[in-house]
Amino acid sequence: MTARRYLADHGLLIGLLVLAQAGTAALLWLAGVRWLFIGLAAAMQAAALAAGLGRDFARRRAWYRALRATLDALDEKTLLAAVAAPPPFAEAELLAGLLAAGDKDMNDRLAAADRRARDHREYVELWVHEIKTPIAAAQLMVRRDPTPVTRAIGEELGRIDRLVEQALYYARAASVEKDFRAERTTLGAMADAALARCAGPLVRAGARLDRQGLDLPVSADPKWCGFVLEQLILNAVKYCPAGFTLRLQGRAGAAGALLTVADDGPGIPAADLPRVFDKGFTGENGRRYPHATGIGLYLCRELCSQMNLTLRAESPAGGGAAFTLYFPAEPHRPAPAGSPLTKV
């Protein structure tokens with residue numbers, strides 16, 4: 001609130017008071033009162049009006065400024081009415097009441113939306129656990145009757161199992177802190193676990209492995225980080241031609257360790273590189289592959305962000321794609337959903 005705006009809002013009142021003061025001065029003059037006393041009376045009235053308006057303006061401006069500062073400092077803006085300073089004038093009481101009613105309605109809506117999202121997530125998790133049983137049973141039947149047809153069915157079942165696993169991690173991505181456990185491990189241990197889970201697709205693609213510098217120790221959650229590595233490996237299998245080389249290279253950084261998953265495939269077009277982690281973005285390469293969804297890399301970035309890991313994508317001019325994971329020296333426990341640490 002500015003002084004000019006305040007005076008404009010009170011312009012009618014000030015104008016009426018000036019007219020009343022002029023009329024009073026005219027009556028006093030007609031009554032024979034000397035101009036000196038008329039001027040003194042007018043000055044006293046003007047001083048009282050200025051003092052009253054000045055005090056009211058200062059009080060209003062201080063409250064509105066405090067309200068703005070409180071709003072700017074809040075992460076949850078819908079809590080403004082609950083933490084704002086008590087209103088010092090009547091209009092502010094009305095405004096505070098309206099804010100409280102609006103905030104309550106919004107908080108009720110947010111709570112209902114959170115319940116629906118939680119119920120949906122719990123249903124997806126339950127469905128994933130239930131669907132894994134028939135998938136495992138079908139895979140067991142396939143292994144008991146190895147024929148070309150059953151082997152092909154087994155490959156598709158493996159792909160279904162990996163997609164179901166991706167759905168489970170997607171459902172849990174908003175609550176990583178509930179299942180997060182940082183422990184001392186090595187880049188090699190996590191890489192070996194991810195390679196073992198991707199063994200089938202890698203063998204069928206005729207991939208060659210190049211492992212270097214993976215004996216570096218890190219503090220990380222092997223389960224969640226292993227899933228990220230698995231997605232990066234499967235991404236290389238999806239887009240690279242048969243017989244490609246998959247390189248996993250570890251190296252020490254300034255305050256942690258780095259793990260790079262690289263391939264010698266077609267690479268990522270420069271125009272697509274800034275958007276490669278966007279949800280649903282498949283890019284130029286994705287249009288040539290019907291199974292591209294644009295979910296895998298998006299999920300990797302979201303999980304890494306919550307675990308305080310940095311994931312970077314590069315595509316050298318000579319071809320190929322490289323994804324680098326940075327592990328800080330100090331482990332980080334994800335904050336609960338909605339806390340300031342999870343804001344982007």
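For Gly213, enumerate residues with amide H under 5 Å from its amide H, sequence gap 5+ or separate chain, H modeled in the peptide plane.
Answer set, sorted by chain and number: Gly250.
Over 10 Å intervals from 0, what percent of Cα-Cα pairs in the range 113-155 sits in each interval?
The distribution over the range 113-155 is 27, 29, 21, 16, 7, given as percents.
Once you've got the GNM for the chain with C-alpha springs shorter than 10 Å, pick whichever of Leu309, Leu30, Leu195 has the biggest mean-square fluctuation.
In this elastic network of the chain, the residue with the biggest mean-square fluctuation among Leu309, Leu30, Leu195 is Leu30.
According to the square roots a ≥ b ≥ c of the eigenvalues of the Cα gyration tensor, what is the shape class of the range 118-241, taking rounded for a/c under 1.5, prolate for a/b larger than b/c otherwise, and oblate for the remainder?
Working: a/c = 2.16, a/b = 1.10, b/c = 1.97.
Oblate, because a/c is 1.5 or more while a/b does not exceed b/c.
Across the range 239-247, in residue order, what do the Karplus-derived ³J(HN,Hα) couplings come to in whole Hz, using 6.51 cos²θ - 1.76 cosθ + 1.60 with θ = phi - 60° and x for Gly and Pro?
Listing the rounded values in order: 9, 9, x, 4, x, 6, 9, 9, 10 Hz.
Fully extended, how many nm does the chain gain between Ala73 and Ala271 (0.36 nm per residue separation, minus their Cα-Cα distance)?
Result: 67.5 nm gained on full extension.
Tally up the carbon and sulfur contribution to the accessible surface of the range 167-279 as a whole percent, 1.4 Å probe, everything protein left in place.
Values: 2670 of 4870 Å².
Taking all protein chains in place, the range 167-279 shows 55 percent carbon and sulfur surface.
Rounding to the nearest 10 and keeping the result within 0 to 90°, find how far the Cα-based axis of helix 148-172 lies from the longest principal axis of the chain.
The angle comes out at about 20 degrees.
May I ask which of Lys132/Lys279; Lys77/Lys132; Lys104/Lys132; Lys77/Lys223 have a Cα-Cα span longer than 31 Å here? Each step should come with its number before you reach the end.
Numbers: Lys132/Lys279 26 Å; Lys77/Lys132 42 Å; Lys104/Lys132 42 Å; Lys77/Lys223 35 Å.
Those over the limit are Lys77/Lys132; Lys104/Lys132; Lys77/Lys223.
Just to be sure I follow: if Rg is taken over the C-alpha atoms of the range 149-210 and Rh is the Kirkwood radius over the same atoms, what is Rg/Rh?
Numbers: Rg = 15.0 Å, Rh = 14.1 Å.
Here Rg/Rh amounts to 1.06.
Taking Rh as the Kirkwood radius computed over C-alpha pairs, what is the Stokes-Einstein D of the range 10-85 at 4 °C in a medium of viscosity 1.567 mPa s, expressed in µm² per second? Intermediate results must be reported in sequence, preceding the final value.
On the way: Rh = 15.6 Å.
So the translational diffusion coefficient is about 83 µm²/s.
Taking 0.36 nm per residue of sequence separation and subtracting the Cα-Cα distance, how much length would be gained by fully extending the chain between Glu93 and Ala58, in nm to one decimal? Please list the in-between numbers first.
On the way: separation 35, 0.36 × 35 = 12.60 nm, distance 1.69 nm.
That pair, Glu93 and Ala58, stretches by 10.9 nm at full extension.
Among Met141, Met44, Met307, determine the one that fluctuates most according to a GNM of the chain built with springs between C-alpha atoms less than 10 Å apart.
Comparing Met141, Met44, Met307 in the GNM, the peak value goes to Met44.
Provide the convex hull volume over Cα atoms per residue for the chain, in Å³. Display every interim value, and only then the final one.
Details: hull volume 73.0 nm³, N = 344.
Convex hull volume per residue, Cα atoms: 212 Å³.
The range 34-155: D in µm²/s via Stokes-Einstein (Kirkwood Rh, Cα pairs, 4 °C, 1.567 mPa s)?
Working: Rh = 21.3 Å.
Estimated via Stokes-Einstein, D reaches 61 µm²/s.
With each pseudo-label sitting 7 Å past Cα toward Cβ, what's the Ala196-Arg251 distance in nm, one decimal?
So the label points at Ala196 and Arg251 sit 2.9 nm apart.
Equivalent ellipsoid semi-axes for the range 171-293, as square roots of 5 times the alpha carbon gyration tensor eigenvalues: give them largest first, rounded to whole Å.
Details: eigenvalues 121, 71, 44 Å².
Output for the range 171-293: semi-axes of 25, 19, 15 Å.
Counting just the Cα atoms, what span does the range 84-123 cover along each of its three principal axes? Round to the nearest Å and put the largest first.
On the principal axes, the range 84-123 reaches 50, 14, 5 Å in Cα extent.
Using Cα pairs under 8 angstrom and six or more residues apart, how large is the relative contact order of the chain, in percent?
Values: 389 pairs, mean separation 40.7, N = 344.
Reported relative contact order: 12 percent.
Say each of Val124 and Ala317 gets a label point 7 Å from the Cα, pointing the same way as Cα to Cβ; how far apart are those two points in nm?
4.2
As a check on your grasp of the helix formula, calculate [θ] at 222 nm for the chain: sum -39500 (n - 2.57) over DSSP H runs of n ≥ 4, divide by the residue count, round to the nearest 500.
Working: 11 runs with 200 residues, N = 344.
Helices in the chain give a 222 nm mean residue ellipticity of -19500 deg cm²/dmol.
Compute the FRET efficiency between Ala101 and Arg184 as 1/(1 + (r/R0)^6), taking r as their Cβ-Cβ distance and R0 = 45 Å, and round to the nearest 0.05.
On the way: r = 52 Å, r/R0 = 1.16.
Efficiency, from the Cβ-Cβ distance: 0.30.
The values are calculated or read from the model by the stated rules, or taken from the named source; none is laboratory data. This structure is a prediction, so every number in the text was calculated from the model and none was measured. Methodologically, a virtual Cβ is constructed for each residue, glycine included, from the backbone with ideal geometry; neighbour enumeration extends over all protein chains shown. For the accessible areas, the whole protein counts, side chains as well, though only heavy atoms, and no ligand, DNA or RNA atoms are used. Shrake-Rupley method; radii C 1.70, N 1.55, O 1.52, S 1.80 Å.
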